[in-house]
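The values are calculated or read from the model by the stated rules, or taken from the named source; none is laboratory data. All of these numbers come straight from a predicted model, not from anything done at the bench. Reconstructed Cβ throughout: ideal geometry from the backbone, glycine too, with neighbour counts over all protein chains shown. Just so you know, the surface numbers come from the protein's heavy atoms only, side chains and all, with ligands and any DNA or RNA stripped out. Shrake-Rupley method; radii C 1.70, N 1.55, O 1.52, S 1.80 Å.
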Amino acid sequence: MAGPEPRRCLVIWFPDWPVTAWQRAEGDASAEDPVAIMETGKVLACSPSARADGVAEGMRRREAQARCPGLVVAAADPGRDDRLFSTVLDRLELVAPGFHSVRAGLCAIPARGVARYYGGESLAAEVLLDVLSEIGFGEPRVGVADGLFTAEQAARLATPPDRVTVVPPGRAATFLAPLPVTVLGDEALTVLLRRLGVRTLGSFAGLEAGAVRERLGGYGARLHALAGGRDSRSLTPRKPPPELIREASFEPPLELVDQVAFSVRAAADEFIAALSTHRLVCTELRVSCTDSGGRVSERVWLHPAAFDAAAVVDRVRWQLAGSDGLRGGISTVRLEPVAVDDAAHHEPGLFGAGVDERMHHALSRVQAMLGHEGVVVPVVSGGRWLAERQQLVPWGERVVPASSRAEPWPGSLPAPAPATVFPRRHPVTVLDAADAAVTVSERGEPSAEPAVLVEGARRRPIEAWAGPWPISERGWDAARSRVAHRFQVVDAEQTAWLLVLEQGAWWAEGRYD
């Protein structure tokens, strides 16, 4: 059954938006500097000058810096990209309301309304480009076509000086046919299609739809429709959020934390009531506290469910109790929703709150009594040492590991990890059959087979062992370099241990229970 006909879309694409956002945020960064935005050790986006030196998206950091020695490297920040792109959308909506934000750096609007208002699709595109040029964006490209996917590809192919590509109605399939299958954005599908000799969207669209669905499922059928210009996705207009910010001012400034918490309760009630009026709940809250000297303490708080007035007051109290930057009395407290959700998603079930909700209320109550860091949850982070892979995050905070687990971490312990990881590794001794301490040579060879594990005053005969596995860190830094060797041993009681030999001393790092 044929789906609905694709609607005409006008898409604005900002090349290398993460680079643009970083340059805008830095302020003093030159637009001519070669810049690369990195994510998980690979280039997410790069500036034209960096690309001219051979840097490309997906390239590893070391290779990129080798090709461009003067490369300025910055970390990816999706929050920064979204915030700056939101200001661009605000400006565009002054001349063409109803924009849909596809992602940071890409937005779309139904073409029919703006085309009728400005006298044609090309004229509407020129008006929008002029608006962007006025606020300092001279590189965006515009594509107009049947369907969002086709319009995006048209925008990516637009070139100066016009920077606009208009695909006539009914010509989407013809326009897409010569494009490579890589534009679908699915690496696994691209590899599969290339093995089958299918290299262009036209060749992919020419395959029988039933066979594609049978082989690739619903997702593959969806991409097959896109390749043929059959994109029926509707655009959801971006609605500016209502004014929900609340502020509490104190004259004279309040000196005590409990005084501020009590006085801010009315503002918190108004804040939650305003959200309820719009059928919203707040899941991420920014609290800004200003003292009598003008110093500001600002922090974004998250909630595992949704904030109520009491939770808002608790966050204000915790922030003031833990702030070292405020010196005088508190003159202003500002409450601003960072992320909201539909209230219907947080309604209790038919028979009341479930187990998760009861657990949340219990933990939040304990946290209110003990303080923000009184209740924590464990998170597995990245690293070579087991102790540094354990991270505790306060209840309600966003779970963000201190180090990425996706990194290779040469020398890290492969799975399975010990069930018990000692908070502080404790000293042990490993002896050979002659009761001499076992050592490891510079070539990584043990001096003898481990025979006895001495833990305190207890001797444990070793029945099996494996290793050593070397760990080498920061060899370029004499002050912070570490070289160690790991062993796994099983004693006579069939208890398995993870041991570390570092600088001639043996340590127990964990136990396989």
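Summary table
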{"item": "Selection status of D491, acidic (D, E) and under 23 Å from Q391 (Cα atoms)", "result": "no"}
{"item": "Filter result for E251 (free of Cβ contacts under 8 Å to residues at least 24 places away in the same chain, open to solvent by 50 Å² or more (accessible area, probe 1.4 Å) and in a strand (DSSP E or B))", "result": "no"}
{"item": "Extreme residue, most open to solvent (accessible area, probe 1.4 Å), among residues of segment 465-513 that are outside any strand (DSSP E or B) and among the hydroxyl-bearing types (S, T, Y)", "result": "S481"}
{"item": "A172 in contact with a helix residue (DSSP H, G or I) (Cβ under 6 Å, 6 or more places away or on another chain), among the small types (G, A, S) and at pLDDT below 90", "result": "no"}
{"item": "In segment 149-198, the residues that are open to solvent by less than 50 Å² (accessible area, probe 1.4 Å), of a type in the set (A, V, I, L, M, F, W, C) and more than 21 Å from I12 (Cα to Cα)", "result": "A177, V181, L189, L192, L193, V198"}
{"item": "Residues satisfying the stated conditions in segment 438-460, i.e. over 18 Å from G504 (Cα atoms) and either open to solvent by 70 Å² or more (accessible area, probe 1.4 Å) or of a type in the set (A, V, I, L, M) (or both)", "result": "A457, R458, R459"}
{"item": "Pairs with Cβ under 6 Å, 6+ apart, first in segment 69-85 and among the aromatic types (F, W, Y), second assigned to a loop (DSSP other than H, G, I, E, B)", "result": "F85/A104"}
{"item": "Pair list, Cβ < 6 Å and 6+ apart or interchain, from segment 281-297 residues that are farther than 16 Å from R265 by Cα to residues that are at pLDDT below 85 and among the hydroxyl-bearing types (S, T, Y)", "result": "S297/S323"}
{"item": "The lone exception for D513 - which of (1) acidic (D, E); (2) under 27 Å from V380 (Cα atoms); (3) without any contact (Cβ under 8 Å) to a residue 40 or more places away in the chain it fails", "result": "(3)"}
{"item": "Complete set of residues in segment 199-233 that are outside any helix (DSSP H, G or I) and either in contact (Cβ under 8 Å) with a residue 12 or more places away in the chain or buried (at least 19 other Cβ atoms within 10 Å of the Cβ) (or both)", "result": "R199, T200, L207, G228, G229, R230, D231, S232, R233"}
{"item": "Matching residues in segment 74-83 - criterion: being assigned to a strand (DSSP E or B) and open to solvent by 50 Å² or more (accessible area, probe 1.4 Å)", "result": "A75"}
{"item": "Total residues in segment 129-148, condition surrounded by 14 or more Cβ atoms within 10 Å (Cβ to Cβ) and closer than 21 Å to P18 by Cα", "result": "9"}
{"item": "Breaking point among (1) at pLDDT below 90; (2) in contact with a Phe, Trp or Tyr (Cβ under 9 Å, 6 or more places away or on another chain), for G98", "result": "(2)"}
{"item": "Residue within segment 70-77 that is of a type in the set (G, A, S) and more than 18 Å from P18 (Cα to Cα) present", "result": "yes"}
{"item": "The listed residue being over 12 Å from T332 (Cα atoms), open to solvent by less than 20 Å² (accessible area, probe 1.4 Å), at pLDDT 85 or above and not aliphatic (A, V, I, L, M), out of F262, F271", "result": "F271"}
{"item": "Pairs where the first residue, in segment 9-25, is on the phi > 0 side of the Ramachandran plot and the second is open to solvent by less than 10 Å² (accessible area, probe 1.4 Å), C-beta under 6 Å, 6+ apart", "result": "D16/A45"}
{"item": "Given (1) open to solvent by 30 Å² or more (accessible area, probe 1.4 Å); (2) closer than 16 Å to D16 by Cβ; (3) assigned to a helix (DSSP H, G or I), index of the condition Q65 fails", "result": "(2)"}
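Every residue, every condition in (1) part of a strand (DSSP E or B); (2) within 22 Å of V366 (Cα to Cα), yes or no:
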position: A267; (1), (2): no, no
position: V281; (1), (2): yes, no
position: C289; (1), (2): yes, no
position: G294; (1), (2): no, no
position: W301; (1), (2): yes, yes
position: R315; (1), (2): no, yes
